[in-house]
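Undergrad: What follows is a single structure, and I will ask about it in a moment.
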Amino acid sequence: TFHQSGQLDPSVNIDLKTSAVRLLSHDLHEEQRENALIVAFQPGDIHLQMLQGRLQTSIQLPLSKIDGLALQAAIPPGQDSLMKRPLQGQITTEIQNLDFIADLIPEVQTLAGRLTGNMAIAGSLASPVFQGRLALVEGAAQLEHPGLSLKDIQVELTGEGDRGIRLAAHAVSEGGELNIDGTSDLRGKAAKADIRVKGENFRVINTFAAQVDASPNLTITLSENRVHVGGEVVIPNAQITLKTLPESAVNASGDQVIVTSEEPATAGETAGREMYASVRTSLGDNVTFNGFGLKARIQGNILAVDKPGEP
């Protein structure tokens with residue numbers, strides 16, 4: 001319903017009730033195959049009310065009797081615009097079966113784990129502030145084309161109020177570890193973040209053609225107008241055995257820049273941010289290549305530098 005009298009703020013009341021929703025997949029190449037169920041949402045409720053300048057909303061999207069997503073938020077009346085008024089809200093998440101995410105992402109064969117969290121929202125719509133925790137625990141995943149089996153996946157987002165959001169992630173691949181730590185601030189025109197990626201002997205490719213481990217030590221900084229990536233990636237072990245060149249070998253690199261005298265290069269823009277990077281890749285003592293009659297050990301390092309307007 002919608003009602004407005006004179007110059008007073010409008011009164012709005014919206015109630016939506018969803019029926020049970022089932023998301024199916026269908027293989028166009030196998031007409032006789034039955035549609036496969038990806039995820040089924042239980043009947044949900046969406047409520048929105050605006051009365052005397054106060055906005056209140058609640059969303060309930062259950063996946064089962066115990067799993068689902070819930071949001072409650074309220075904005076009081078005031079002279080400021082809706083985006084700047086104080087915001088109070090709560091996000092609750094409890095999903096104990098993540099199989100449907102693997103069905104939605106072709107690269108992911110299986111995904112196990114539990115997603116749980118309770119996050120309070122304050123600040124404003126323009127500058128939200130989060131307090132609470134959202135975590136993926138007991139995670140494991142199978143990735144098809146890299147041939148990876150990731151274990152002990154732990155991802156935790158912690159809202160620390162005015163100090164922003166802290167990220168901590170961990171995963172194991174073929175005995176090697178990868179850790180990601182960082183902080184992010186969503187206030188302002190664009191999100192700001194400082195992220196550290198550090199790993200040791202973490203398997204990144206595990207196929208018949210290549211088995212490659214990486215030990216990264218990288219820092220990623222996002223400001224309102226630029227992205228900076230720095231550090232080193234050591235490849236301690238790699239065994240590459242090629243009988244034929246993959247189709248991707250003939251494609252040009254996505255960061256290739258051709259500079260002519262007619263117009264300057266304009267590489268390095270990422271979603272409105274300029275890209276700066278200085279990353280060294282170093283090969284360890286156990287990197288070998290076997291293919292096309294050549295059997296060799298490869299050594300060395302290369303420093304890749306990226307700046308706006310330069311190749």
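The values are calculated or read from the model by the stated rules, or taken from the named source; none is laboratory data. Small disclaimer: the values here were computed from a predicted structure and weren't measured. Don't worry about glycine lacking a Cβ; one is built from the backbone with ideal geometry, like all the others, and counts go over all protein chains shown. Just the protein is used for accessible areas: all its heavy atoms, side chains included, with ligands, DNA and RNA removed. Shrake-Rupley method; radii C 1.70, N 1.55, O 1.52, S 1.80 Å.
Undergrad: So which trypsin sites (Lys or Arg not before Pro) in segment 172-205 are both in a DSSP loop and have at most 12 other Cβ atoms within 10 Å of their Cβ?
TA: Sparse-neighbourhood loop trypsin sites (Lys or Arg not before Pro): Lys189.
Undergrad: Oh, and also: What spacing in nm lies between the two simple spin-label points modelled at Asn179 and Ala126, each 7 Å away from Cα in the Cβ direction?
TA: With each label point 7 Å from Cα toward Cβ, the separation is 4.0 nm.
Undergrad: How would Ile195, Ile66 rank on accessible area, largest to smallest, probe 1.4 Å? Before the final figure, lay out each step's value.
TA: On the way: Ile195 50, Ile66 115 Å².
From most exposed to least exposed: Ile66, Ile195.
Undergrad: Please check which bits of segment 128-145 a label hung off Gln154 would reach, taking the label as a point 7 Å along Cα-to-C-beta and the cut-off as backbone N under 18 Å.
TA: Those under the cut-off are 133-141.
Undergrad: Another question about this same structure. With charges only on Cβ, +1 for K and R and -1 for D and E, what is the dipole size of segment 28-167 about its Cα centre, in debye, rounded to 20?
TA: It works out to roughly 800 debye.
Undergrad: Summing +1 for each Lys or Arg and -1 for each Asp or Glu, what net charge is found among the other residues whose Cβ lies under 13 Å from the Cβ of Val212?
TA: Around Val212, the surrounding residues sum to -1.
Undergrad: Here is a follow-up. Subtract the Cα-Cα distance of Ile66 and Thr244 from 0.36 nm times their separation in residues, and report this length gain in nm to one decimal.
TA: Extending this stretch completely gives an extra 59.0 nm.
Undergrad: Taking a spot 7 Å from the Cα of Phe292 along the direction of its beta carbon, which residues of segment 177-212 have an amide N less than 17 Å from it?
TA: 209-210
Undergrad: Gain in length, Ala168 to Phe208, computed as 0.36 nm per residue apart minus the alpha-carbon separation, to one decimal in nm?
TA: Between Ala168 and Phe208, full extension yields an extra 11.2 nm.
Undergrad: A further question on this structure: Order of 128-134, 45-51 by packing, highest average Cβ count within 10 Å first?
TA: Details: 128-134: 17.9, 45-51: 15.4.
Descending packing order for the listed peptides: 128-134, 45-51.
Undergrad: What FRET efficiency comes out for the pair Lys198/Ile14, r = Cβ-Cβ distance, R0 = 45 Å, nearest 0.05?
TA: Values: r = 48 Å, r/R0 = 1.06.
Calculated value: 0.40.
Undergrad: If R₀ is 51 angstrom, what is the calculated FRET efficiency for the pair Gln256 and Thr1, using the beta carbon separation as r and rounding to 0.05?
TA: 0.35
Undergrad: Pairs Lys192/Lys307; Lys198/Lys295; Lys151/Lys198; Lys17/Lys189: which are spaced more than 23 Å apart, C-alpha to C-alpha? Display every interim value, and only then the final one.
TA: On the way: Lys192/Lys307 19 Å; Lys198/Lys295 31 Å; Lys151/Lys198 17 Å; Lys17/Lys189 35 Å.
Checking Cα-Cα distances, Lys198/Lys295; Lys17/Lys189 exceed 23 Å.
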